[in-house]
Amino acid sequence: MAGDASNQFPVHVFGGPTALFEYGGLRFLTDPTFDEPGDYQRPGRPVLTKTAPSAGSPADLGRIDVVLLSHDEHADNLDNSGRALLADVPLTLTTPGGGQRLGGTARGMADWESVELDRPGGGTVTVTAVPAIHGPGERAEVEPVTGEVVGFVLHGAGLPTVYVSGDNASLDVVQQIAERFAPVDTAVLFAGAPRFPVVFDGGPLVLDSAQSAEAAEILGARRVVPVHYEGWAHFTEGRDELVAAFTAASLADRLDFGDRG
């Protein structure tokens, strides 16, 4: 594994976009999805089909201090059990629109806005909201179709820098983030190249495997933990494609598929 192993902390992956990690003494959960396999239908939208159960349940998580929610409008990022879980979490950080829709302890964040969170042993963790574009093209073209999405960068005195991409398909966005925060110690990259033939002519709605490797290089990421590449029918690239792409880019030593559950 490239980079300083002393900066690397366990990341527990549950399938889909859901991962749990402790950072600065706080426990963070990304995009909670714990429902059983099945279909999700919204009027005028393609059916989302979950094909595999999560590697755990909300009861297995223990204390959660913060949910980092890239967006609330799609069931493959926030499902029914995930919504129920939010009621017991002290803080959910998400998009401005998501903060309004969810209410409760949810807080919407604009791009480049930061919030400081108190660490249990003193000091703070800074969470900065960063841009994400959920599909191929410019934000003005994409957001009316797939909605607002946000990513996050976590940093603090004496702590490694962590990037959580959310459902982002834009390498231009990754470049903007790198200009402010690179090098990144751990990048939790949403991947899987999800596609629907009727949406953006079947273009990937989130990074594909080759783009994920390119994003890792742009960020100078010492470790990449991929999520959002398994468990749903519309994900078109999985673990094998990620390994192949990172190997081709001579970055295979940076891949870390996390601890299961």
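Since every read-out is calculated from the coordinates, none of them should be taken as a lab result. Just so we're clear, the structure is a prediction, and the values are computed from it rather than from any experiment. FYI the Cβ positions are ideal-geometry reconstructions off the backbone, even for glycines, and counts take in every protein chain you see.
Ordered by the count of other Cβ atoms within 10 Å of each Cβ, fewest first, THR126, THR146 give THR126, THR146. Overall, the anisotropy analysis places region 139-261 in the oblate class: the square-rooted eigenvalues a ≥ b ≥ c of its C-alpha gyration tensor yield a/c not less than 1.5, with a/b not exceeding b/c. In terms of modelled amide H atoms, which long-range or inter-chain residues lie less than 5 Å from the amide H of ASP259? Excluding prolines and chain starts, which carry no amide H, the hits are VAL11, HIS12, VAL13.
Given charges of +1 on the Cβ of Lys and Arg and -1 on the Cβ of Asp and Glu, with all other atoms neutral, how large is the dipole of the chain about its Cα centre, in debye to the nearest 20?
400
With the cut-off at 1.5 for a/c, could you classify region 43-121 from its C-alpha gyration tensor as rounded, prolate or oblate? Since a/c reaches 1.5 but b/c is at least a/b, the shape of region 43-121 is classed as oblate.
Classify region 53-201: rounded, prolate or oblate, from the alpha-carbon gyration tensor (a ≥ b ≥ c, eigenvalue square roots; a/c under 1.5 rounded; otherwise prolate if a/b is larger than b/c)? Could you put the intermediate results ahead of the total?
On the way: a/c = 1.67, a/b = 1.17, b/c = 1.43.
It comes out oblate by the Cα gyration axes.
Residues whose amide H lies under 5 Å from that of VAL206, counting only those 5 or more places away or on a different chain, are ALA193; hydrogens are built 1.01 Å from N in the peptide plane. Here the Kirkwood formula, the inverse mean of 1/r across different C-alpha pairs, assigns the chain a hydrodynamic radius of 18.0 Å. Per-residue Karplus couplings for region 232-247, computed as 6.51 cos²θ - 1.76 cosθ + 1.60 with θ equal to phi - 60°, are listed in order as 9, 5, 8, 6, 9, 9, x, 4, 4, 5, 5, 4, 5, 5, 5, 5 Hz, Gly and Pro entered as x. Using θ = phi - 60° in the Karplus curve 6.51 cos²θ - 1.76 cosθ + 1.60, the 3J(HN,Hα) couplings for region 139-151 round to 4, 4, 7, 8, 4, x, 9, 10, x, 6, 9, 9, x Hz; x is entered for Gly and Pro. Taking other C-beta atoms within 10 angstrom as a stand-in for reagent exposure, VAL173, VAL188, VAL67 fall in the order VAL173, VAL67, VAL188, fewest first.
Rounded to the nearest Hz, the phi-derived 3J(HN,Hα) couplings of region 10-22 under the Karplus curve 6.51 cos²θ - 1.76 cosθ + 1.60 (θ = phi - 60°) are x, 10, 9, 10, 10, x, x, x, 9, 9, 10, 8, 9, where x marks glycine and proline. Based on DSSP H segments of at least four residues, each scored -39500 (n - 2.57), the chain has a per-residue ellipticity at 222 nm of -6000 deg cm²/dmol.
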